[in-house]
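Comments concern the structure below.
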């Protein structure tokens with residue numbers, strides 16, 4: 001009897017008392033991996049959409065390598081010319097000279113608050129423009145536009161004009177830095193004149209330098 005019990009005890013001692021051990025990733029890890037894949041796919045889809053936000057404004061202000069008309073320039077103005085380049089333009093290359101125009105309230109200050117361009121004679125306007133500076137550009141780096149540059153600003157498309165807002169209204173006269181002479185039949189002498197937006201003869205010089213006209217600084221970069 002004792003032998004049978006001993007045999008049975010021996011046989012029972014060989015039985016498995018644990019279930020099989022499962023191998024491979026846990027269910028939680030698999031779910032986490034699937035969520036990550038879906039998130040990544042969503043990011044790629046948004047970036048590839050045609051209506052996704054463009055990074056040109058930031059790039060133009062910081063690196064000047066992805067500039068388009070209406071972008072914020074390195075001086076805080078609005079880009080209105082890419083020279084001969086096509087958008088988006090790399091304005092850091094020697095071949096490309098881009099231009100930005102100061103905002104409408106560029107003359108605003110605590111002593112003379114204003115939110116629009118004011119009219120001055122050419123000498124006063126030239127001095128005021130040369131003194132203009134921003135947090136990222138120094139005084140002396142801004143200037144009046146040349147005759148050609150003022151024409152570029154004036155001849156922007158309606159859509160680009162809305163982006164740039166280079167003039168206070170559609171009729172205001174603006175100084176350029178391009179001056180010349182015109183013969184005065186009454187005095188028999190030559191008058192110093194200047195090309196401005198809106199009024200020009202064949203030579204481009206019709207306005208006297210002492211006449212009050214608006215001005216807006218531009219910044220090449």
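The values are calculated or read from the model by the stated rules, or taken from the named source; none is laboratory data. All figures in this text were calculated on a predicted structure; none of them were measured in a lab. Counting neighbours? That spans all protein chains shown, and the Cβs are built from the backbone with ideal geometry, glycine included.
Scanning the stretch 112-134 for residues that are touching a helix residue (DSSP H, G or I) at 6+ places or on another chain (Cβ under 8 Å) and assigned to a loop (DSSP other than H, G, I, E, B) gives no hits. Every listed requirement among (1) loosely packed, with under 15 Cβ neighbours inside 10 Å; (2) over 25 Å from residue 179 (Cβ atoms); (3) free of Cβ contacts under 8 Å to residues at least 24 places away in the same chain is met by residue 89 save one, (1).
I'd like to check something: does the stretch 109-124 contain any residue that is surrounded by 12 or more Cβ atoms within 10 Å (Cβ to Cβ), modelled with pLDDT of 90 or more and in contact with a strand residue (DSSP E or B) (Cβ under 7 Å, 6 or more places away or on another chain)? Even if it seems obvious, please write down each step before you answer.
Residues of the stretch 109-124 that are surrounded by 12 or more Cβ atoms within 10 Å (Cβ to Cβ), as a first pass: 114, 116-122, 124.
Now narrow it down to the ones that are modelled with pLDDT of 90 or more: 120-122, 124.
Of the ones still in play, those that are also in contact with a strand residue (DSSP E or B) (Cβ under 7 Å, 6 or more places away or on another chain) are 122.
Yes; the residues of the stretch 109-124 include at least one that is surrounded by 12 or more Cβ atoms within 10 Å (Cβ to Cβ), modelled with pLDDT of 90 or more and in contact with a strand residue (DSSP E or B) (Cβ under 7 Å, 6 or more places away or on another chain).
With respect to the conditions (1) farther than 13 Å from residue 102 by Cβ; (2) assigned to a loop (DSSP other than H, G, I, E, B); (3) in contact (Cβ under 8 Å) with a residue 40 or more places away in the chain, residue 166 falls short on a single one, namely (1).
When residue 204 is tested against (1) surrounded by 16 or more Cβ atoms within 10 Å (Cβ to Cβ); (2) modelled with pLDDT of 80 or more; (3) on the phi > 0 side of the Ramachandran plot, only condition (2) is not met.
Go through 193, 146, 137 for me and flag whichever is surrounded by 15 or more Cβ atoms within 10 Å (Cβ to Cβ), out of contact with any helix residue (DSSP H, G or I) (no Cβ under 6 Å at 6 or more places or on another chain) and within 17 Å of residue 98 (Cα to Cα). Lay out the reasoning, then the answer.
On the way: 193 fails: within 17 Å of residue 98 (Cα to Cα); 146 fails: surrounded by 15 or more Cβ atoms within 10 Å (Cβ to Cβ).
Exactly one of 193, 146, 137 is surrounded by 15 or more Cβ atoms within 10 Å (Cβ to Cβ), out of contact with any helix residue (DSSP H, G or I) (no Cβ under 6 Å at 6 or more places or on another chain) and within 17 Å of residue 98 (Cα to Cα), namely 137.
For the stretch 46-74, residues that are touching a helix residue (DSSP H, G or I) at 6+ places or on another chain (Cβ under 9 Å), assigned to a loop (DSSP other than H, G, I, E, B) and either modelled with pLDDT of 85 or more or surrounded by 19 or more Cβ atoms within 10 Å (Cβ to Cβ) (or both) total 8.
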